[in-house]
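Input: a single structure, listed below in structure tokens.
The values are calculated or read from the model by the stated rules, or taken from the named source; none is laboratory data. Source: prediction; values computed, not measured. For neighbour counting, all protein chains shown are included, and Cβ atoms are generated from backbone atoms with ideal geometry for every residue, glycine included. All accessible areas refer to the heavy atoms of the entire protein, side chains included, with ligands and DNA or RNA removed. Shrake-Rupley method; radii C 1.70, N 1.55, O 1.52, S 1.80 Å.
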Amino acid sequence: MKKIENYINGSLQSNSKKFIPVDDPSKGEKIAEVILSNDEDVEKTINSSSEAFIKWSEVTPLKRSRVLARYKAIIEKNLLELAKIISIEHGKTLEDAKGSVIRGMEVVEFASGIPHLLKGEFSENVGVNIDSWSIRQPLGVTAGITPFNFPAMVPMWMFPISIACGNSFILKPSEKDPSCGLKLAELFSDAGLPDGVFNVLNGDKNVVNSLLGNKKISSISFVGSTPVAKYVYEKSAKAGKRVQSLGGAKNHLIVMPDANIDQAVDGIMGAAFGSAGERCMAVSVAVAVGDIANELLDEVLKQAQTLKVAPWTDEKAQMGPVISREHKNKIIDYINTGVKEGADLKLDGRKINIQGYENGYFLGPTIFDNVKEKMQIYQEEIFGPVLSIVRVKSYEEALKLVNNHPFGNGTSIYTSDGEISRNFTTNCKIGMVGVNVPIPVPMSFHSFGGWKQSLFGDHAMHGMEGVRFYTRLKTVTSRWPKSIKSGPEFIMPRN
Ligand code: NAD
């Protein structure tokens, strides 16, 4: 059985003897075991990262950027292998996995511009013969804790920028699909990254707690479910660390009566059922405004019935399994709850059967109509291929729904009316907004992050927000001896 260890100081290693199973969700069987790191593994990792930081922070930004540029080329060369590693342990289709690696690689591309991104500000003569400038310096040892749903892309929102800024980085990947993190680290070493600058520490919540409590770690970046995000934020902030903590979501897509219905249906299909709905930007609520509801439901139902649910090895697969048996059962419980709450179950994915993959964690696309605001299936994140349709009479009612929801990650509106679109982008209380775009995930040179219960902390991820998060601002005010007036000053200096 394959043993998945840690990547410390440039090599695979482990101290702990405790391992837990990693499954192939398509087959529903154990394919590997991942280490639950113990205190010694954690200490060794943090010591290696602390030592590596000292030298790496002295490497010039231009030389760091060249390592990143080489890394980008190596990722491109290994795209298929990385995608396969993801599909085997996560279950998503190969093309979807490839796309997620490319979105991560784009952050490497952005980070390789670091000499430009780190440029500070300079003011000449803030007083007579006195100049002032600001610089951004690295934090030290930074750490990232990531979820199962994007084992390449989400870590890559973090570590390329942190490392480009001159920090060292410890990645704690999800224990459900940990192999991709190790591969990303090995490839970074191949690009010339010095040992210890990027370490990967596997394990579960005990390892997370060790990282949060360790004084040598300067910052924590977290992505995962809201209860854990809130816990990580509070614990890290209390320990005096810089923290950005991204949580769960319930994303609404509003369809106005004047929307292009074909575009709206295509948008809903991909966003609700792509990656089996296990995306933090998945659309789980379609809000049908006015008399478009019946047509919208008919069209979505028609397309959903033909959606190909299959393992990633099938080239025609459009949707794979969910991550685990436990998660599959949780989603089924939500569907049962929706039925009990009185929502109209129009398409039931609970009993799907894929020949040859009977033990896989597959679910079919599921659609509820007439979902109401008070229902549990509306309020909570299901994180599976379950779409709720809510019918409302007006745009104002739709906007209120979006703004009243506790989550604030992404949202989208489909309309042909520029005024409505502008009103929506201005007034919705959500971090990432699409207009006739179903999944408005910002590019690497913009920043990713939600509002409300979807993000705890002050900084979103990647783009300039990432550079600011992974550096500390210093402002220098300077004059030279010949310009110094004699005698002390006892009043606030002024111009
Ligand atoms: P999760 O919260 O269960 O796990 C995330 C990470 O936290 C893992 O590395 C895990 O080992 C660790 N962890 C789990 N329980 C912990 C605990 N009690 N204490 C400390 N650490 C703990 O999330 P998941 O199931 O892996 O991922 C799915 C969730 O992630 C969904 O809620 C999804 O919306 C969210 N997500 C959010 C974003 C975003 O950008 N906002 C992106 C991707 C995923």
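Data table
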{"item": "Beta bridges per DSSP with both ends in segment 62-183, % antiparallel, nearest 5", "result": "45 percent"}
{"item": "The chain - percent of accessible surface contributed by carbon and sulfur, probe 1.4 Å", "result": "50 percent"}
{"item": "PHE445/SER416 FRET efficiency (R0 35 Å; Cβ-Cβ; nearest 0.05)", "result": "0.75"}
{"item": "Cα shape, segment 430-495, gyration tensor, a/c 1.5 rule", "result": "prolate"}
{"item": "Distant-in-sequence amide H partners of LEU36 (H built 1.01 Å from N, under 5 Å)", "result": "LYS18, PHE19, ILE20"}
{"item": "Cross-link pairs beyond the 32 Å C-alpha cut-off, checked among LYS328/LYS372; LYS308/LYS393; LYS18/LYS330; LYS17/LYS216; LYS238/LYS400", "result": "LYS308/LYS393; LYS238/LYS400"}
{"item": "Around SER174: net Lys/Arg minus Asp/Glu count, Cβ-Cβ under 10 Å", "result": "-2"}
{"item": "Around GLY410: net Lys/Arg minus Asp/Glu count, Cβ-Cβ under 11 Å", "result": "+2"}
{"item": "For peptides 165-176, 416-427, 285-296, sequence by mean Cβ density within 10 Å, most packed first", "result": "165-176, 285-296, 416-427"}
{"item": "Residue (of PRO25, LEU68, LEU246) at the positive-pole extreme of the chain, dipole from beta-carbon charges", "result": "LEU68"}
{"item": "Size of charge dipole - the chain - debye, nearest 20, with Cβ of Lys, Arg +1 and Asp, Glu -1, no other charges", "result": "1740 debye"}
{"item": "Net charge, SER388 excluded, C-beta distance under 12 Å - Lys, Arg +1, Asp, Glu -1", "result": "-2"}
{"item": "Longest to shortest principal axis, alpha-carbon extents of segment 178-299, angstrom", "result": "59, 37, 21"}
{"item": "Calculated FRET efficiency for the pair MET1/LYS302, C-beta based, R₀ 35 Å, to 0.05", "result": "0.20"}
{"item": "Accessible area per residue, Å², the chain with all protein chains present, probe 1.4 Å", "result": "44 Å²"}
{"item": "Percent of beta bridges antiparallel (DSSP, the chain, rounded to nearest 5)", "result": "40 percent"}
{"item": "Gained length - ASN294 relative to GLU315, 0.36 nm times residue gap less alpha-carbon distance", "result": "4.3 nm"}
{"item": "Rounded if a/c under 1.5, otherwise prolate or oblate - segment 295-383, Cα gyration tensor axes", "result": "oblate"}
{"item": "Three-way shape call for the chain based on the alpha-carbon gyration tensor, with the a/c threshold at 1.5", "result": "oblate"}
{"item": "Difference of contour (0.36 nm per residue) and Cα-Cα distance, LEU473 to ILE31", "result": "154.5 nm"}
{"item": "Contour minus Cα-Cα distance for ALA239 and LYS393 (0.36 nm per residue)", "result": "50.6 nm"}
{"item": "Whole-number percent relative contact order across segment 1-135, with pairs defined as alpha carbons under 8 Å at least 6 apart", "result": "19 percent"}
{"item": "With all protein chains modelled, accessible area of GLU40 [1.4 Å, Å²]", "result": "110 Å²"}
{"item": "Burial order of peptide ranges 234-242, 246-254 (average beta-carbon count within 10 Å, highest first)", "result": "246-254, 234-242"}
{"item": "Stokes-Einstein D (µm²/s) once Rh is taken as the Kirkwood radius of segment 251-435 over alpha-carbon pairs, at 37 °C in 0.692 mPa s", "result": "198 µm²/s"}
